[in-house]
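Chemist: The structure follows.
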Amino acid sequence: MRKMIVAGNWKMNMNLEEGLSFAKSVNQYFNDKPAAKAEVILCTPFIHLDGVGQILKNSKVALGAQNCASEPSGAYTGEISAGMIKSTGAKYVIIGHSERRTYYHEDDALLNKKTTLAISSGLKVIFCCGEVKEERESARHFDVVKRQLIDGLFPLSATEIENIVIAYEPVWAIGTGLTASPEQAQEMHHYIRGLVQEKYGKQCAEEMTILYGGSCKPSNASEIFSKPDVDGGLIGGASLKKEDFAAIVEAI
Ligand code: PGA
């Protein structure tokens, strides 16, 4: 059965104290409730990983990071390796978020290197893809996503790909309040699943979790999640408010 996931991406928000106290309250909320239909993940900044990892020990809520280095260890001042992330108890890492592609010029080859390394360090990867506004307006969105997957993800072996969750995040919908319509999300998710099937076969495609991200909120989550190829969400802004995040998880 395909796994449903709702992952919160805190981005560069909250100092250490705020983050720990927020994680405590989110954790308590989900652990007091019957198991959610989706796996809940908190993707925190690096400085929170260790502390939030302690809070989430034996919890139903999983921990993730938002990026990792492209090298395993050594003289790379300021970098954090996949192995270091894994040692905090984290299970996931986001790779290829559009903010990393745009502001830090991370290209498909680099993202593939990071992804391979993260998997070999024992992490699961939430691999992001998605087109910018002009690409959608000029009807190039399918080609763009296809290239991102073929160059960034599909060099992975059939065994490695089992550690991947794909997140489709149209860049024009991230943090803008604009959301892809449920039909637009379904259309792209269906297309992505077809690409996975072409490369890795039917079973892999059926089992691949494909998340939607981009201004997902309590008011639109149920409709988007009701689509057959949408298996949950990657949530930015709304993951910083416990009630909103909880409502999105419950929308599954
Ligand atoms: P948003 O961000 O929910 O604030 O649009 C989603 C993301 O960037 O993962």
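Chemist: Can LEU123 be described as more than 13 Å from MET188 (Cβ to Cβ) and touching a strand residue (DSSP E or B) at 6+ places or on another chain (Cβ under 6 Å)?
Modeler: Spelling it out, LEU123 is indeed more than 13 Å from MET188 (Cβ to Cβ) and touching a strand residue (DSSP E or B) at 6+ places or on another chain (Cβ under 6 Å).
Chemist: Could I ask something else about it? Taking segment 107-138 as the region of interest, how many residues are of a type in the set (Gly, Ala, Ser) and within 17 Å of ALA167 (Cα to Cα)?
Modeler: 2
Chemist: For segment 6-45, what are the residues that are more than 21 Å from PRO218 (Cβ to Cβ) and either of a type in the set (A, V, I, L, M, F, W, C) or part of a strand (DSSP E or B) (or both)?
Modeler: Listed by number, the residues that qualify are MET12, LEU16, LEU20.
Chemist: Among the residues of segment 229-252, write down those that are near the ligand (Cβ under 8 Å from one of its atoms) and over 16 Å from LYS3 (Cβ atoms).
Modeler: Correct list: ILE235, GLY236, GLY237, ALA238, SER239.
Chemist: Name the single residue that is farthest from SER181 (Cα to Cα) among those in segment 208-228 being away from the ligand (no atom under 13 Å from the Cβ) and within 16 Å of the chain's Cα centre (by Cα).
Modeler: MET208
Chemist: Return yes or no: is CYS68 crowded, with 23+ Cβ neighbours inside 10 Å, within 14 Å of the chain's Cα centre (by Cα) and assigned to a strand (DSSP E or B)? Please lay out each step first, then the result.
Modeler: Numbers: crowded, with 23+ Cβ neighbours inside 10 Å: yes; within 14 Å of the chain's Cα centre (by Cα): yes; assigned to a strand (DSSP E or B): no.
For CYS68, the condition - crowded, with 23+ Cβ neighbours inside 10 Å, within 14 Å of the chain's Cα centre (by Cα) and assigned to a strand (DSSP E or B) - is not met.
Chemist: Given the criterion surrounded by 14 or more Cβ atoms within 10 Å (Cβ to Cβ), among the polar types (S, T, N, Q) and more than 16 Å from the chain's Cα centre (by Cα), identify the matching residue among SER81, SER120.
Modeler: Among SER81, SER120, only SER81 is surrounded by 14 or more Cβ atoms within 10 Å (Cβ to Cβ), among the polar types (S, T, N, Q) and more than 16 Å from the chain's Cα centre (by Cα).
Chemist: Same structure, new question: Only one of GLN197, GLN148 is under 26 Å from GLY8 (Cβ atoms) and of a type outside the set (Val, Ile, Thr). Can you tell me which?
Modeler: Selected residue: GLN148, the only one of GLN197, GLN148 that is under 26 Å from GLY8 (Cβ atoms) and of a type outside the set (Val, Ile, Thr).
Chemist: Are there any strands (runs of 3 or more DSSP E) wholly within segment 88-186 with 1 or more residues that are within 20 Å of ILE5 (Cα to Cα), more than 15 Å from the ligand (Cβ to nearest atom) and touching a helix residue (DSSP H, G or I) at 6+ places or on another chain (Cβ under 6 Å), and if so which?
Modeler: Ranges flagged: 124-129.
Chemist: Can you tell me which residues in segment 27-77 are aliphatic (A, V, I, L, M) and within 19 Å of LEU111 (Cα to Cα)?
Modeler: So the first thing to find is which residues in segment 27-77 are aliphatic (A, V, I, L, M), and the list is 35-36, 38, 40-42, 47, 49, 52, 55-56, 61-63, 65, 69, 75.
Listed by number, the residues that qualify are ALA65, ALA69.
Computed from the coordinates by the stated procedures, all read-outs in this text should not be read as laboratory data. This structure is a prediction, so every number in the text was calculated from the model and none was measured. Note that each Cβ is placed from the backbone with ideal geometry, even for glycine, and that neighbours are counted across all protein chains shown.
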